[in-house]
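Below: the structure, in structure tokens.
Throughout, read-outs are computed from the coordinates displayed, never taken from laboratory work. What you see is a predicted model; the values in this text were computed from it and never measured. A quick note on method: Cβ atoms are made from the backbone with ideal geometry, for glycine too, and the neighbour counts reach across all protein chains shown.
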Amino acid sequence: MSFQNGLSGLNAAAQNLDVIGNNVANVNTVGAKASRAQFADVYANSIYGQGAVASGMGVTVSSVDQQFTQGAISASDNPLDMAINGSGFFRLSRNGAVSYSRNGEFRLDKDSYLVTSDGARLTGYGADANGTVLVGMPQELRLSSANIAPQATTEGEIQMNLDSRIVALTTPFSATDPASYSGATTLSVFDQQGNANQLTTFYRKVGDNSWEVYGAANGSPITGGGPNGSLTTLTFNPDGSLSAPSTPVAITVPTSGSAGGSQTMSLDLTGVTQFGTTFSVTAQTQNGFAPGEIAGFSIAKDGTVMANYTNGETKAQGQVVLANFSNPQGLAPMGGNAWAETADSGQPVVGIPTSGALGALKSGALESSNIDLTEELVNMITAQRSYQANAQTIKTQDQILQTIVNLR
């Protein structure tokens with residue numbers, strides 16, 4: 001026995017206690033990963049190799065490895081918070097320097113960038129003015145709080161059933177006379193200023209398997225290219241399916257003078273049927289909308305950042321990317337819940353969440369640390385006993401030397 005063995009044991013036990021203490025201190029740190037001290041024995045080599053009866057020279061801490069297992073995910077009250085369920089790291093940028101983190105606590109700074117609490121910016125793919133994500137080199141994600149401009153209606157679609165049992169009408173059509181048509185429905189369409197106009201279509205049976213369609217906007221009749229000023233004529237096959245028209249019908253809808261006076265749109269009626277049941281509208285859609293103010297943001301599991309507006313519209317403003325490494329334990333801890341790439345970690349593989357081996361994102365949630373406090377406290381007791389035992393070997397060696405010194 002020598003002082004070297006006990007001294008190395010004390011150093012190793014002290015470093016182990018440092019690692020355990022750091023784990024305990026970060027038990028509530030979002031995205032923190034538990035560390036573990038790795039020990040290795042020490043032997044002195046002779047010129048001819050290790051002797052069979054060598055007792056060794058003690059112990060050393062060969063490395064301190066972090067354990068990148070999944071932490072528990074819990075809900076938060078911030079919709080911009082994100083948790084990674086699976087593998088991967090958030091890719092952060094600070095003045096161009098890239099780092100990686102599992103801490104998903106994000107907020108908007110004064111310039112509308114998504115940032116961490118210490119100002120590092122989250123990176124991802126940007127989006128154009130139409131909400132199309134532009135895949136390319138990841139960039140710092142910046143969200144816009146601007147209102148969304150209105151969009152004029154250019155296309156509409158109505159799906160319905162016309163009752164084949166109805167008798168053909170002979171009285172002239174009048175929008176104010178319910179007896180002159182067999183059914184009607186109203187669809188809101190928008191002009192280029194975002195004003196809503198009520199487009200009403202009237203359906204009038206004029207013969208077997210034949211219906212005329214009339215229109216009115218805000219109560220004023222619309223003249224079309226069909227018979228008697230109708231918009232079109234619907235003809236049906238004997239099985240109740242639509243025979244004609246096979247393409248959408250062009251309609252000119254009157255609008256206010258400030259919005260141009262009129263707008264042209266296409267109305268798709270190819271989904272209309274004629275069966276022996278009551279008149280019913282099953283679906284009607286159009287592609288225009290009124291202006292809207294920003295109401296908030298939401299993040300999909302694939303990282304798409306959606307802006308939500310008061311008019312019910314949504315638009316993508318970017319997409320968060322994740323990075324993964326072949327050897328995450330080779331990453332260098334930087335503090336502030338961040339790691340840096342090293343030669344040991346390998347180069348990052350960057351992609352969108354849920355692609356390849358990358359995990360999914362959960363919005364409005366955070367990943368807790370994977371540190372088990374009970375386990376760490378037990379480890380602390382073990383490390384303390386190891387420290388005390390190594391101190392005892394030094395004390396015993398000292399007593400032996402004192403005995404030798406006191407020989408007469």
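Comparing mean-square fluctuations of GLY257, GLY21, GLY31 from a GNM of the chain with C-alpha springs under 10 Å, the top value falls on GLY257.
Cβ-Cβ distance of MET380 and ALA343, R₀ of 45 Å, FRET efficiency by 1/(1 + (r/R0)^6): the value works out to about 0.85.
Considering only LEU358, LEU269, LEU80, the mean-square fluctuation computed in a Gaussian network model of the chain, springs between alpha carbons under 10 angstrom, is largest for LEU269. In percent, rounded to a whole number, the relative contact order of region 252-366 is 18, using alpha-carbon pairs under 8 Å and six or more apart. Normalised by the number of residues in region 97-201, the average gap of Cα pairs under 8 Å and 6 or more apart makes the relative contact order 17 percent. With the Kirkwood sum run over all distinct C-alpha pairs, region 227-305 has a hydrodynamic radius of 16.8 Å. Computed over the alpha-carbon atoms, the chain gives an Rg to Rh ratio of 1.32, Rh here being the Kirkwood radius from the mean inverse distance. So what is the relative contact order for the chain, in percent, with contacts set as C-alpha pairs under 8 Å and at least six apart? About 24 percent, as a whole number. Taking every Cα-Cα distance in region 1-137 and sorting them into 10 Å bins from zero, the calculated P(r) comes out as 10, 25, 24, 16, 13, 8, 3, 0 percent. Lys/Arg Cβ at +1, Asp/Glu Cβ at -1, dipole of the chain taken about the Cα centre: which of GLY6, ILE148, MET306 is farthest positive-ward? Of the candidates, GLY6 comes out farthest on the positive side. Between the helical axis of 3-25 and the longest alpha-carbon principal axis of the chain there is an angle of about 20 degrees.
Beta-bridge orientation, the chain: approximately 95 percent antiparallel, per DSSP, counting only bridges with both partners inside.
Label reach from SER280 (point 7 Å along Cα→C-beta): in region 160-198, amide nitrogens under 15 Å belong to 160-165.
How high is the FRET efficiency from ALA179 to SER112, r the C-beta distance, R0 56 Å, rounded to 0.05? So, using R0 = 56 Å, E works out to roughly 0.45.
If R0 is taken as 41 Å, the Cβ-Cβ distance between ASN209 and ASN130 corresponds to a FRET efficiency of 0.45.
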